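Participant: This structure is in C-alpha cells; I'll ask about it shortly.
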Amino acid sequence: YIISMTHTLSDILEVQFFCKEVGIDNLPIVPLFETISDLRTCTTILEQAFQHPFYRTYIANCQRQQQVMIGYSDSSKDGGILTSSWELYRAQSRLAELSQQQQIAITIFHGRGGAIGRGGGPIYEAILAQPPNSVNGRLRMTEQGEMLSFKYGQYDIAIRNMELVVAGVIQSSIPDEEFVETRVHPRAREEWISAMNQLSASAHARYRKLIYEDPQFIQFFEQATPTDELTWLNIGSRPTRRTQNRTIEDLRAIPWVFSWMQNRYVLPSWYGVGGALEEFIQSDPERLVLLQQMYRQWPFLSAFIDNLQMSLSKADMRIAHNYTQTLVTDKELGERLSHQIQEEYERTQQNVLLITGGRYLLDNSPVLQESIKRRNPYVDPLSYFQVAMLKRLRAIGGPLTLDQDALKEASAIDRERARLTYAVLLTINGIAAGVRNTG
C-alpha cells in the first residue's frame, strides 16, 4: 500500500488502522516522500513510526522490513533537478543510517520515470550513484511509460537491462573494504557535501524564482507548450491536474515534464543548474578544480553531470524559441522569459563543459552523442508542424474529438477542429518517440 504525499506520521498510522479493521497484519505499508520538504523530514517521520507501539508490532509481523518510496518526479518539479537529486541522495544516506540504528531492513523504492527530470537515465550508473549502504542487496524501482517498450519490448534488450540492474545492485552492495584500491562507491568528503549544499541552495532559489515566483510564468507555460492538448491523448491513468486549479503546484509531474520535452526546451532537466555552477566557480577559481575532482571520483556527481549533458543535447533553443514566438500571445512576456531561459541554457552548457573538460556535450559518450545528433533532425519537422497546427487549432476554439457519425453532422469549423486535433496528437506521439526519455 503506497501512501502518496506522505507528510506526517498519521498518514502511515491511518493505513495501519485500515489494515487492522479488515484483519490484515502484514501488508507492506510504503510511505512515499515526494516534495523537497518531505524528503528532508522522512527519517524523522519513520523514526516516530518505529517508536510507536502499534507500528512496532506491525514491523515485527513484517520480519522487521520496511519499504520507503522516494519520488523523483514531484521533488524535481518542486525544487529543480539539482536540489531534487541532492535531497534524494541525502535522504537515502539518512535512511541507511536509520536502518542500521533500528536494525530494520529498509528497502528504498525509487519512483523513477523515463525523463531525466523524473529520475530517468542510464540505470547502471544511477544505481552506482546511490549513497554507500543504501542498497545492501535490496532495490526496488518503477519503470514507466515508453521505458517499458524501449527496455523490455525485445527479449535480448530486456535481458541486457536486467543484467545491468543486477550488476549495479551487486556492485553497490559489496562492502567498502573489498575495494581498498578502486573504491567503487566512495563516501562523500566533507568538502564535496559543502559544495553540493551551496550549489543546491543556489539552484533551488533560481528555479523557484522562475517557476513559482514569476506571476506570468503559468501563462507562458500554457501557451508555449501543448500542455492543454495533452489531456486529449488516450494515455495515462490519471488526469493531468490534481484539481481544477490552473497552477504549477496543481499540475502533475508527468505532463509537466512531457510538455517541456515537446517544445524542446527540456527545461525541468537542467534549469537553475548553470547559474548555480557559474556563481560557485566565479567566487573562487579553485572551485572548478574541486568540481572536476568530484566529477571524476564521485559516482553521484558523475551520473548527474552526464545526465545533464544528455538533456542539454536533446534541447534545441532554436525550435523552442519558435514555439514561444508563434504561440505566446503576449510578445513582451514571450521574449522576456525565452531570453531568460536561453541565457540559463548557455550558462549550463558552458559550465558543464568546464567540469567535464569536453569540447562538445557527450564527448565522453560518442555513441549516444551520434545517436542524438542523427535522430534530432528527423524530429525537427514534426516540431514545426506542431507549432503551425497548434496556432490554427487554438484560433478556432481548441481541441475537439468526434466519432464518425458526429463528424458527418458537425459544422465546418468543428470538423476542422477535429482534424487539427488528430494531427496535433499525431505530432505529440511522433516527437515523444523521436526525442525519447519523455515520460
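Participant: Tilt of helix 317-327 relative to the longest C-alpha principal axis of the chain, in degrees (0 to 90, nearest 10)?
Facilitator: Tilt of helix 317-327: around 50 degrees.
Participant: Follow-up. So who's got an amide H within less than 5 Å of the one on residue 109, skipping anything under 5 residues away but keeping other chains? H placed 1.01 Å off N, in plane.
Facilitator: It is 68, 69, 70, by chain and number.
Participant: In debye, nearest 20: dipole of segment 34-114 around its Cα centre with unit charges on the Cβ of K, R (+) and D, E (-)?
Facilitator: The calculation lands at about 180 debye.
Participant: Tell me, what % of the accessible area of the chain is carbon and sulfur with a 1.4 angstrom probe?
Facilitator: Here it works out to 53 percent.
Participant: What ³J(HN,Hα) values, in whole Hz, does the Karplus curve 6.51 cos²θ - 1.76 cosθ + 1.60 give for segment 386-395 when θ = phi - 60°, with x put for Gly and Pro?
Facilitator: These are the phi-based 3J(HN,Hα) values: 4, 4, 4, 6, 4, 4, 5, 5, 5, 5 Hz.
Participant: Residue 408: which lysines have alpha carbons under 29 Å from its alpha carbon, excluding same-chain residues fewer than 8 sequence positions away?
Facilitator: Answer for residue 408, where 29 Å is the Cα cut-off: 391, listed by chain and number.
Participant: Here's something else I'd like to know. Assuming 1.567 mPa s and 4 °C, estimate D for segment 226-383 with Stokes-Einstein, Rh taken as the Kirkwood radius over Cα pairs, in µm²/s.
Facilitator: Answer, rounded: 74 µm²/s.
Participant: Through the Karplus equation 6.51 cos²θ - 1.76 cosθ + 1.60, θ set to phi - 60°, convert the phi angles of segment 169-175 into ³J(HN,Hα) values in whole Hz; use x for Gly and Pro.
Facilitator: Result, rounded to whole Hz: 5, 4, 5, 6, 8, 5, x.
Participant: OK, next. Relative to the first principal axis of the alpha-carbon coordinates of the chain, what is the inclination of helix 412-435, with its axis defined by its Cα atoms, in degrees from 0 to 90 and to the nearest 10?
Facilitator: Tilt of helix 412-435: around 40 degrees.
Participant: Could you order the peptides 152-162, 69-79, 288-298, 420-430 from most to least packed, using the average number of other C-beta atoms within 10 Å per residue?
Facilitator: 69-79, 420-430, 288-298, 152-162
Participant: Here is a follow-up. Project the alpha carbons of segment 292-333 onto their principal axes and report the range along each, largest first, in whole Å.
Facilitator: 47, 17, 13
Participant: With a 10 Å radius around each residue's Cβ, average the other Cβ atoms per peptide and rank 257-263, 60-66, highest first.
Facilitator: 257-263, 60-66
Participant: Rounding to the nearest 10 and keeping the result within 0 to 90°, find how far the Cα-based axis of helix 36-51 lies from the longest principal axis of the chain.
Facilitator: In the chain, helix 36-51 runs at an angle near 40 degrees to the longest axis.
Participant: In whole angstrom, and with the biggest value first, how far do the Cα coordinates of segment 362-439 range along each principal axis?
Facilitator: On the principal axes, segment 362-439 reaches 58, 22, 18 Å in Cα extent.
Participant: With charges set only on the Cβ (+1 for Lys and Arg, -1 for Asp and Glu), what does the dipole of the chain come to about its Cα centre, in debye to the nearest 20?
Facilitator: Once rounded to the nearest 20, the dipole reads 660 debye.
Participant: Going out from 0 in 10 Å bins, what whole percent of all Cα-Cα distances in the chain drops into each bin?
Facilitator: Final binned percentages: 4, 20, 29, 25, 15, 6, 1, 0.
Participant: Which whole-number percentage describes the relative contact order of the chain, with Cα contacts under 8 Å and a sequence gap of 6 or more?
Facilitator: About 15 percent, as a whole number.
Participant: List the relative contact order of segment 199-357 as a percent without decimals, with contacts defined as Cα pairs under 8 Å and 6+ residues apart.
Facilitator: This gives 30 percent for segment 199-357.
Participant: Mind listing the Cα extents of segment 310-398 along all three principal axes, in Å, largest one first?
Facilitator: For segment 310-398, the Cα extents along the three principal axes come out at 49, 28, 14 Å.
Participant: Please compute the Kirkwood hydrodynamic radius of segment 52-154 from all pairs of different C-alpha atoms, in Å with one decimal.
Facilitator: 14.8
Participant: Continuing with the same structure: So what's segment 1-79 giving for Cα Rg divided by 2.2 N^0.38 Å, two decimals?
Facilitator: Taking the Cα Rg and dividing by 2.2 N^0.38 Å, one obtains 1.09.
Participant: Still on this structure, I have one more. What does the accessible area per residue of the chain come to in Å², with a 1.4 Å probe and no ligands, DNA or RNA counted?
Facilitator: For the chain, the solvent-accessible area averages 47 Å² per residue.
The values are calculated or read from the model by the stated rules, or taken from the named source; none is laboratory data. These numbers were taken from a predicted model, which means no experiment stands behind them. Don't worry about glycine lacking a Cβ; one is built from the backbone with ideal geometry, like all the others, and counts go over all protein chains shown. Protein only, heavy atoms only, side chains kept; ligands, DNA and RNA dropped before computing areas. Shrake-Rupley method; radii C 1.70, N 1.55, O 1.52, S 1.80 Å.
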